[in-house]
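Taking it in order: structure first as structure tokens, then the write-up.
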Amino acid sequence: MSLTPNDIGRIAQLARLDLDAAQRERLLGQLNGFFAIVEQMNAVDTTGVEPLAHPTAVMQDVALRLRPDQVSEPDQREANQRSAPAVERGLFLVPKVIE
């Protein structure tokens, strides 16, 4: 897939972007470069390759460096909610904005 200068003009119009000629030309090159990479990836034969459930699924021997899940701050909920205009059962009450 390759975009034309008319396509860039239409995209800019839909996005409400005011692009000059140099910006349109640069954007055309960038988007067409992106699509060229996607076409290269689509050309790879992936027959018989199982999709990964998670990117780290193939990293059995890699130890993730995560910090221990420990409480490091005291519970200050009541102090933090003192200045709130409305609190109920430990939750901030806010006005309804969506009907």
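The values are calculated or read from the model by the stated rules, or taken from the named source; none is laboratory data. Source: prediction; values computed, not measured. Ideal geometry is used to build each Cβ from the backbone, glycine not excepted, and the neighbour counts take in all protein chains shown.
Among the residues of the range 25-32, is there at least one that is at pLDDT 95 or above, surrounded by 10 or more Cβ atoms within 10 Å (Cβ to Cβ) and small (Gly, Ala, Ser)? Yes: the range 25-32 contains one or more residues that are at pLDDT 95 or above, surrounded by 10 or more Cβ atoms within 10 Å (Cβ to Cβ) and small (Gly, Ala, Ser). Against the condition more than 28 Å from the chain's Cα centre (by Cα), without any contact (Cβ under 8 Å) to a residue 12 or more places away in the chain and surrounded by 10 or more Cβ atoms within 10 Å (Cβ to Cβ), how does residue 17 come out, does it pass? Judged against the criteria, residue 17 is not a match.
Specify which of the listed residues (48, 9, 90) is in contact (Cβ under 8 Å) with a residue 12 or more places away in the chain and exposed (fewer than 10 other Cβ atoms within 10 Å of the Cβ).
Working: 48 fails: in contact (Cβ under 8 Å) with a residue 12 or more places away in the chain; 9 fails: exposed (fewer than 10 other Cβ atoms within 10 Å of the Cβ).
That would be 90, the only listed residue that is in contact (Cβ under 8 Å) with a residue 12 or more places away in the chain and exposed (fewer than 10 other Cβ atoms within 10 Å of the Cβ).
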